[in-house]
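Since every read-out is calculated from the coordinates, none of them should be taken as a lab result. For clarity, every value in this text was computed on a predicted model and none was experimentally measured. Cβ atoms come from the backbone with ideal geometry, glycine included; neighbour counts cover every protein chain shown.
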Amino acid sequence: MPHFNSCPPQLNSLTSDTRKSNPHPAVPENSTKRKVKQKLRFEALGLSDRRLKILDSVGYEKPTPIQAGLIPLVLEGMDLIGQARTGTGKTAAFGIPIVEMLEAEKKQNANGDGGGQKGSRHPKAIILVPTRELCLQVTQEIQRLSGAEVEEPGDDPQESNDKNSARNSKKQKNKAHSDSVKSVAIYGGKSIRWQINRLRDGADIVVGTPGRVIDHLQRATLQVDNIQFVVLDEADRMLDIGFRPDIERIFRMLPEERQSLLLSATLPPPILEIAKRFMFQPKLINFSAQSVAADTIDQFYFTVREDQKDKLLIDLLDRESPSQAIVFCRTRLGTQRLYRKLLKTEKYQDARAIHGDMTQPNRDKVMASFRKGTTRILVATDVVGRGIDVSHVSHIINFDIPELSDDYVHRVGRTGRMGREGVAYSLVTPLQRSSLQQIEKRINKELILDTLEGYETADVKVRKPARGKSKRYRRGL
């Protein structure tokens, strides 16, 4: 494994040209993406027979382009920046090779060839994610990839009447999978004492939100002296919600000799600044198409007055009859208000809401219900706008269009996942035309104007400034 400096050289090579000049066959050119997707199988990626059997048992048939591109390079020990739109399989792209290498090391140590590494119960990999829901989701996926027992939110012993019994049951499960890599999720809203006990029992991989990771580091309940791998998942989202100081603080506490992976749908300048400071000669692997939204997603918009949005939403749901839909609102209060509005209708009394003011157990229950399909309509803030993988979401409705164009990309990415078809609708008021134009510019695609009978198309033309007045004071869009 190469030596990793905390202040690596400038990233002059971080352009799409790096991928073109890379001779490695697993980093495909744009012209060969389709060939890789169709012909390459997991057997060609240098994985063990055990890993191939596990992948087959959990339903992985062939790698997505980002998995085919990243897995061999991670196995080679490279620092990598993987850029791909949501729903392309990024978690498995870094999870498979990390689990593979840690399991091989574990087996080697068990055979007495590992030299009896000091602090072997300390974590070897840390994965940082922006939200609690994504933390749990990534942990469960890592557990599937390693052949371990998949833990549900209800497995928290704090939620059991008999804590000792629950803890003993957990130990029995871990013992049954002693050959598997152990992973633990640490995030706010859950019992920190339970997390401390899990870390004390030994964990190979820690998946956590930056704030809770910092909390454990301050308590000295999380030891990072043996960290070999660090992953920033949904890195752009973590910076959007203000985690940059925590991320930099965590990086400074990690060993210099490590492998760093950064996964993101977009690469704004702050992301590249972090890469310059904390990664060693990283290679950029860009699997984003010119259109940052999936080609399988049809994208429409309605122009509507603010006071008609509630009724239009219900009529749109009636027309579309989605198998599952996420309705995005901008604020927590707006989410709760719209949720109550839906509950008053006969058809949508099974709707649920999720936002940051809810307790973590309640958020877990809502997401579990949505994943199982018992909840058909989910009204949400952007707490589920990034990284959450629910395979059968057919519709995304932006009740409130987001302030940031990148948030639109991630919202829409909740549908059309892994090549499935999906549709997205946005409700645009007359004063939001410029925001719609920014979104269209960002995704390099014009949204299609849709209409519903009984609703007049609202005027969304750009208004000219009043005569004789400065443009600085013009109103409208």
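Details
- Here the gap between Gln108 and Arg41, fully extended at 0.36 nm per residue and compared with their Cα-Cα distance, gives a gain of 21.4 nm.
- Nearest-0.05 FRET efficiency for Ser57 and Asp350, computed from C-beta distance (R0 30 Å): 0.40
- Peptides 303-311, 236-244 ordered by packing proxy, namely the average of other Cβ atoms within 10 Å per residue, highest first: 236-244, 303-311.
- Cross-link pairs Lys53/Lys372; Lys309/Lys344; Lys106/Lys182; Lys106/Lys283 - those with Cα-Cα distance over 20 Å: Lys53/Lys372; Lys106/Lys283
- Nonlocal amide H pairs with Ala424, under 5 Å, H built at 1.01 Å: Asp298, Gln299, Phe300, Ile396
- In this structure, the amide hydrogen of Val304, modeled 1.01 Å from its nitrogen in the peptide plane, lies closer than 5 angstrom to those of Val428, Thr429, Ala458, counting only residues at least 5 positions away or on a different chain.
- Relative to the current alpha-carbon distance between Glu403 and Glu152, full extension at 0.36 nm per residue lengthens the span by 87.0 nm.
- Karplus-derived 3J(HN,Hα) values for segment 369-374, using 6.51 cos²θ - 1.76 cosθ + 1.60 with θ = phi - 60°, are 5, 5, 5, 6, x, 6 Hz; glycine and proline are entered as x.
- Each residue, Asp225 and Glu453, gets one label point 7 Å from its Cα in the Cβ direction; the gap between the two is 7.4 nm.
- Placing unit charges on the Cβ atoms only, positive for Lys and Arg and negative for Asp and Glu, gives segment 297-449 a dipole magnitude near 340 debye about its Cα centre.
- Interchain or long-range residues, amide H under 5 Å from Ile186's placed H: Val207, Gly208, Thr209
- Placing unit charges on each Cβ (+1 for Lys and Arg, -1 for Asp and Glu) gives segment 223-278 a dipole about its Cα centre, and among Thr266, Phe278, Val231 the Cα reaching farthest toward its positive end belongs to Phe278.
- Listed peptides 200-209, 316-325 by packing density, highest first (mean Cβ within 10 Å): 200-209, 316-325
- Theoretical FRET efficiency, 1/(1+(r/R0)^6), r = Cβ-Cβ of Arg193 and Arg252, R0 35 Å, to 0.05: 0.80
- Packing here is the average count of other Cβ atoms within 10 Å per residue, and on that basis the peptides 367-377, 402-412, highest first, run 402-412, 367-377.
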